[in-house]
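Here the structure is laid out as structure tokens; the discussion comes afterwards.
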Amino acid sequence: MTTRTLYLLCSAAPPVFEVAGVVAEAQRRGWDVCLGLTPTAADWLEDSLSGLTALTGHPVRSRYKRPGDSDVWPKADAILVAPATFNTVNAWALGLTDRFVVGVVAEAIGKEIPMAVMPCVNSAYARHRALDRSLQELRDMGVEVLYGESGFEPNAPGEKRPYPWALALDSVDRLVG
Ligand SMILES: Cc1cc2nc3c(=O)[nH]c(=O)nc-3n(C[C@H](O)[C@H](O)[C@H](O)COP(=O)(O)O)c2cc1C
């Protein structure tokens, strides 16, 4: 029986194509999963959106609701942002909330919802000073950052490497005990 709600929020990096298996594994671990995508990630997964809606049992969201519309997701017990692009990490740290998933996690800091983020960036993005600055901001605001030895290690540009989804799910399992 599922008793805990996980918001799985994904941005547009290649591991997003593995999200159906990740949802299934999270459900196996007892999570009720609500899937949110950045507009670019939703575009990449366009052909899978109805299947992902059926799998999660909730609408897959990539846009803010309109004023007056009711909330379609239950409240989150934890949030996992993965894969998190360079763009999404920086927007979150700076508080630039024009995209739905960034708005959710920006507010969730103030709501004190347990959160983890696992970036997906290559070693060229990783050398841009904004990345370390943003990740430190997120850590300082209480977000568990899965990067480096304890999470995702940047790959060389163009190199394909397995994305450590199990570490990300282990982390949110730990966050809610
Ligand atoms: C094939 C492909 C792979 C990409 N891989 C990554 C990646 O691993 N990490 C990243 O930060 N951006 C990657 N990008 C760039 C992002 O998709 C792009 O910056 C996008 O605007 C991110 O938007 P979002 O953060 O709203 O999802 C990739 C783009 C393409 C076309």
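With respect to the conditions (1) in contact (Cβ under 8 Å) with a residue 60 or more places away in the chain; (2) within 14 Å of the ligand (Cβ to nearest atom); (3) not in a loop (DSSP other than H, G, I, E, B), ALA12 lacks only one, and its number is (3). Here GLU46 fulfils each of the conditions (1) farther than 26 Å from HIS128 by Cα; (2) loosely packed, with under 14 Cβ neighbours inside 10 Å; (3) in contact with a strand residue (DSSP E or B) (Cβ under 9 Å, 6 or more places away or on another chain) apart from (3). Scanning the stretch 57-96 for residues that are touching a Cys at 6+ places or on another chain (Cβ under 8 Å), of a type outside the set (A, V, I, L, M) and under 19 Å from GLU112 (Cβ atoms) yields TRP73, PRO74. Evaluate the following for ARG29: is it in contact with a Leu (Cβ under 8 Å, 6 or more places away or on another chain) and more than 24 Å from VAL121 (Cβ to Cβ)? Here the answer is yes, as ARG29 does meet what is asked. Let me spell it out: the conditions are (1) free of Cβ contacts under 8 Å to residues at least 60 places away in the same chain; (2) in a helix (DSSP H, G or I); (3) away from the ligand (no atom under 16 Å from the Cβ), and LYS65 meets all of them except one. Which number is the exception? The single condition LYS65 does not satisfy is (2).
Apart from one condition, CYS34 fits all of (1) without any contact (Cβ under 8 Å) to a residue 40 or more places away in the chain; (2) on the phi < 0 side of the Ramachandran plot; (3) not polar (S, T, N, Q); the exception is (1).
Please work out if VAL23 is closer than 14 Å to THR5 by Cα and in a loop (DSSP other than H, G, I, E, B). Full working, then the answer.
Values: closer than 14 Å to THR5 by Cα: yes; in a loop (DSSP other than H, G, I, E, B): no.
No.
Across the stretch 120-152, what is the total count of residues that are touching a strand residue (DSSP E or B) at 6+ places or on another chain (Cβ under 8 Å) and among the charged types (D, E, K, R)? Within the stretch 120-152, residues that are touching a strand residue (DSSP E or B) at 6+ places or on another chain (Cβ under 8 Å) and among the charged types (D, E, K, R) number 2.
Selection of helices (runs of 4 or more DSSP H) fully inside the stretch 86-160 by the criterion of at least 2 residues being free of Cβ contacts under 8 Å to residues at least 60 places away in the same chain and surrounded by fewer than 16 Cβ atoms within 10 Å (Cβ to Cβ) returns 100-111, 123-126, 129-140. Checked against (1) touching a helix residue (DSSP H, G or I) at 6+ places or on another chain (Cβ under 8 Å); (2) more than 16 Å from the ligand (Cβ to nearest atom); (3) over 21 Å from GLY151 (Cα atoms), PRO74 meets all criteria but (1).
Throughout, read-outs are computed from the coordinates displayed, never taken from laboratory work. Not measured: the values here are computed from a predicted model. All Cβ positions, glycine included, derive from the backbone under ideal geometry; neighbour counts span all protein chains shown.
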